[in-house]
Structure formats: structure tokens, C-alpha cells
Amino acid sequence: MSNTFGVDVNEANPLLSRFEGESPVMQVVLDIMKRGVVIAPVGILIGYLFAGSAGAWSVAFGLGMILFNFFLSAWIIQVTARISFAALAGGAMFGFLIRLGVITTAVLLVRNAGWVDLVALGVTIIITHLGLLFWELQYISGSLAYPGLKPGAGLADNSTKESVSS
Amino acid sequence: MSTTLALLQTAAEAKNTAAAGSAGFAYGLAAIGPGIGIGYLVGQAVQAMARQPESAGQVQTTMFLGIAFTEALALIGFVVFILLKFA
């Protein structure tokens with residue numbers, strides 16, 4: 001099928017296709033944020049043991065920054081995916097630049113503050129980012145490989161069967 | 001004596017400038033790889049979603065995790081930058 005400009009319009013056009021419904025990416029990030037809040041006290045305690053109160057504040061700041069970074073990433077993907085898949089590609093690229101800029105600005109603003117330990121902050125940024133991702137990946141890969149094990153999957157199957165049988 | 005001190009001061013300033021330039025250059029280099037990686041990853045994901053819109057949710061989830069893991073490389077470069085420059 002062609003439009004008035006003679007361009008083929010079909011489902012494979014990333015300029016016209018878009019994602020509707022609840023964003024799975026936001027669900028993943030909310031899950032990551034919950035886990036981040038759970039490990040925050042442990043991380044802050046470890047930071048305090050290694051570098052005193054500056055270490056504790058740095059861990060809290062770094063963890064907050066990483067969680068905000070995840071949230072911003074998911075939000076950009078959620079919003080742009082509802083516009084079009086092409087917008088999603090642009091959003092992912094500019095989102096990467098924006099988020100790197102946000103992190104750089106945040107760290108440069110606090111680098112001279114007395115409550116910041118830069119080594120603790122740097123280690124926190126790397127470890128929490130990768131740690132939370134691997135933790136989430138364990139769950140995601142399990143539910144992608146074995147959809148039947150996904151929470152609520154059995155209930156959904158039963159309801160479908162009931163509606164079909166009735 | 002004063003000439004020697006001035007020379008030492010100039011050398012120290014030159015060293016600081018070189019260190020700052022090197023750290024910034026390293027951060028820039030560290031951001032190139034993830035930039036290429038994210039561009040390729042998202043391009044392929046968009047193609048997959050356009051071809052199979054019914055699996056867009058799964059593709060988005062996998063794409064997000066891929067972006068986040070790739071971005072970790074840029075973050076590592078950034079942390080090295082701040083540690084070299086300010087610590």
C-alpha cells in the first residue's frame with residue numbers, strides 16, 4: 001500500500017510504527033529502583049566503614065545518581081517509543097548524551113565538597129550500576145527463557161482457558 | 001634562584017595541563033565505543049520491533065539492558081577520568 005507521496009506504508013515502517021500500552025522498560029527500572037533502595041543501607045554502611053561519613057554520603061549520592069540515571073533512561077525510552085520507533089532510536093542516542101552530561105555535571109558540582117570521597121563515589125557508581133543490572137538480568141533472563149515461571153503466568157493461562165471454555 | 005623556581009612552577013603547570021588534557025581525552029575515547037555500541041544496538045532493536053511489533057515488549061526490555069550494560073563502559077571511563085583528574 002502506498003500513501004499520497006508514493007511511499008510504501010506498511011507495518012515495517014519505523015516512522016509509523018509505535019509501541020502502545022504499558023512500558024516494560026519502566027517496569028524493569030522500577031524493579032531495579034526497589035532493589036537499589038533495599039541495598040542502600042548496606043552500601044552506606046560499607047562506605048562508612050571504609051571512608052567514614054564522607055564515604056557514607058558518597059555512596060548515598062552515587063546510588064541516588066545511578067538510580068536517577070536508570071529512571072531517566074527508561075522514561076526517555078517510554079516516551080519516545082510511544083511516538084515512533086524512529087523517535088526511540090533518536091531518544092536512545094540523545095538520551096545517552098544527556099545522561100552522561102547529567103552525571104558529569106553532578107560529579108563536577110560536588111567534587112570539592114567536604115562530604116565527598118571521590119574514590120568511594122567512583123567505586124559506588126561502577127559497582128551499583130553493574131551490580132543492579134546483573135541482579136535484574138538474572139530475573140529477566142529467567143522470565144524470557146521460561147515464560148511459564150513468570151509471576152502470574154499460570155493465572156493468565158487459566159483465565160484464558162476459562163474464558164474459552166465458557 | 002628565582003629563575004629556577006619559575007621554571008619549576010612552569011613545569012608543574014605544564015604537567016597539570018597535560019594531565020587534565022589526557023584525562024579528558026581518555027574520557028572522550030571511552031565514550032566513543034559505547035556510543036557506537038548503543039547506536040548499533042538500538043538500530044537493530046528498532047528493526048526487530050518494526051518487523052515484529054508483537055514482540056516489541058521483549059525487544060525493548062532486552063534493548064534497555066543492552067544499553068545499560070554498554071553505558072557501563074562509558075561510566076567506567078568517566079570514573080577513571082574523575083579519579084585521574086581530581087583524586
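Which of these, B:G24, B:G57, B:G39, has the largest mean-square fluctuation under a Gaussian network model of chain B (Cα springs below 10 Å)?
Result for chain B, Cα springs under 10 Å: B:G57 fluctuates most.
Checking the a/c ratio against 1.5 first, then a/b against b/c, what shape does the Cα gyration tensor give for the stretch A:64-107?
oblate
Suppose only helical runs count, i.e. DSSP H with n ≥ 4. What mean residue ellipticity at 222 nm does that imply for chain B under -39500 (n - 2.57) per run, divided by all residues and rounded to the nearest 500 deg cm²/dmol?
-34500 deg cm²/dmol
Where does each of A:M65, A:M26 land when they are ranked from fewest to most other beta-carbon atoms within 10 angstrom?
On the way: A:M65 20, A:M26 16.
Listed from fewest to most nearby Cβ atoms, that is A:M26, A:M65.
Tabulate in residue order the Karplus-calculated ³J(HN,Hα) for the stretch B:37-45, using 6.51 cos²θ - 1.76 cosθ + 1.60 with θ = phi - 60°, rounded to whole Hz; enter x for Gly and Pro.
Couplings: x, 5, x, 5, 4, 5, x, 5, 5 Hz.
Based on the alpha-carbon gyration tensor of the stretch A:26-139 and its eigenvalue square roots a ≥ b ≥ c, which shape applies: rounded if a/c is under 1.5, prolate if not and a/b is larger than b/c, or oblate?
Since a/c reaches 1.5 but b/c is at least a/b, the shape of the stretch A:26-139 is classed as oblate.
Within 10 Å of each Cβ in peptide A:102-111, how many partner chain Cβ atoms are there on average? Round it to a whole number, please.
Going residue by residue through A:102-111 and averaging, the value is 2.
Quick note: the coordinates plus some simple rules give every number you see, no bench work behind them. Everything quoted here is computed from the prediction, not taken from an experiment. All Cβ positions, glycine included, derive from the backbone under ideal geometry; neighbour counts span all protein chains shown.
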